[in-house]
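Down below is the structure, laid out as structure tokens.
The values are calculated or read from the model by the stated rules, or taken from the named source; none is laboratory data. Given the structure is predicted, the values throughout are model-derived calculations rather than measurements. As a convention, Cβ positions derive from the backbone with ideal geometry for all residues, glycine included, and neighbour counts pool all protein chains shown. Quick note on the areas: whole protein, heavy atoms, side chains included, nothing else; ligands and nucleic acids left out. Shrake-Rupley method; radii C 1.70, N 1.55, O 1.52, S 1.80 Å.
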Amino acid sequence: MKHERVYLSAAALFWTLGAVTFAVPGMRFSAYFLLGLGGLCLLWVALGRLEKKHRFFRTCKRIFLVGICAGAVVLECFEIAILRGGRAEATLPEADAVIVLGAGVNGRRPSLALQSRIDKAAEYIFADGNEKIPIVLSGGQGSGEDISEAEAMYRALTSHPLRPTDTPHQFLLEDRSTNTAENFAFSKAMLEEHGVDTETAVIAVVTNDFHIFRAELIARREGLTTVGIPAELPWRWLTANYYLRESFALVKTLLFD
């Protein structure tokens, strides 16, 4: 009974934290994760009670425990890979083209994630003198978005404070994609239409740091050679939420994409 009270208390704590986290903008995934942990604690208590009535549930409890341990190990391995992938290179090689991956748009206004990508893209393109190479702004129009992500990026970049006056640019708007795989497939086709040899070209990919590892994995599937340009989110708690979420997105990519 003492052990049961510990797990029931843990479940209550996780559910309380999850409910509070729902109120924090951008933290929905973490909220669901905390609620899920509470549910696992409750399931552990239920299996403990049921194993006293039938030996079958003792086996179920052991399988459950092994599954939890294995899941934790896999999650840790994925997080390590994602964290390493999100590190910025000390010196970036010259690129033959740039792809800026889209993120959410609130009406016509870029989300925090998208704005961080826009700012990093402006830094790489304008401050580092890469404005003369083809630049694909990739992202379609989703639910709650009045314009496409590509259009939102174009408007922000063409009026960005870092953009020099009368700077020539080759912005290509890819506004059909709905996920990262389509981002690269459609962007690749667009670059080829504009004379880029995607088999030999080095392509700079601008996205958030937590997204770099998975983005480069998908890009390799498309036969692209890429270098990641990671953009950081402004708040650490939001960054932690997205790094956690990205591990589960990576599972989806490996199994289904």
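The table that follows gives values for the structure above.
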item: Every pair of residues 6+ apart whose Cβ atoms lie under 6 Å, when the first sits in the range 190-212 and is farther than 12 Å from residue 136 by Cβ while the second is open to solvent by 40 Å² or more (accessible area, probe 1.4 Å) and part of a helix (DSSP H, G or I); result: 210/242
item: Qualifying residues in the range 220-247 (those that are free of Cβ contacts under 8 Å to residues at least 60 places away in the same chain and in a helix (DSSP H, G or I)) - the one nearest to residue 181 (Cα to Cα); result: 221
item: Unmet requirement for residue 26, which otherwise passes all of (1) assigned to a helix (DSSP H, G or I); (2) farther than 30 Å from residue 134 by Cβ; (3) in contact (Cβ under 8 Å) with a residue 24 or more places away in the chain; result: (1)
item: Qualifying positions in the range 87-125 - assigned to a loop (DSSP other than H, G, I, E, B) and surrounded by fewer than 20 Cβ atoms within 10 Å (Cβ to Cβ); result: 87, 88, 89, 90, 91, 92, 93, 94, 96, 104, 108, 111
item: Subset of the range 157-178 [closer than 16 Å to residue 114 by Cβ, touching a residue at least 24 places away in the same chain (Cβ under 8 Å) and either among the hydrophobic types (A, V, I, L, M, F, W, C) or not in a strand (DSSP E or B) (or both)]; result: 157, 160, 171, 173, 175, 177, 178
item: So residue 18, is it under 16 Å from residue 244 (Cα atoms) and either surrounded by 13 or more Cβ atoms within 10 Å (Cβ to Cβ) or in contact with a Gly (Cβ under 6 Å, 6 or more places away or on another chain) (or both); result: yes
item: Only listed residue being out of contact with any helix residue (DSSP H, G or I) (no Cβ under 9 Å at 6 or more places or on another chain), without any contact (Cβ under 8 Å) to a residue 24 or more places away in the chain and either assigned to a helix (DSSP H, G or I) or surrounded by fewer than 20 Cβ atoms within 10 Å (Cβ to Cβ) (or both), chosen from 71, 36; result: 71
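The rows are residues; the columns are (1) under 22 Å from residue 246 (Cβ atoms); (2) without any contact (Cβ under 8 Å) to a residue 24 or more places away in the chain; (3) open to solvent by 80 Å² or more (accessible area, probe 1.4 Å).
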site: 30; (1), (2), (3): yes, no, no
site: 42; (1), (2), (3): no, no, no
site: 66; (1), (2), (3): no, yes, yes
site: 85; (1), (2), (3): yes, no, no
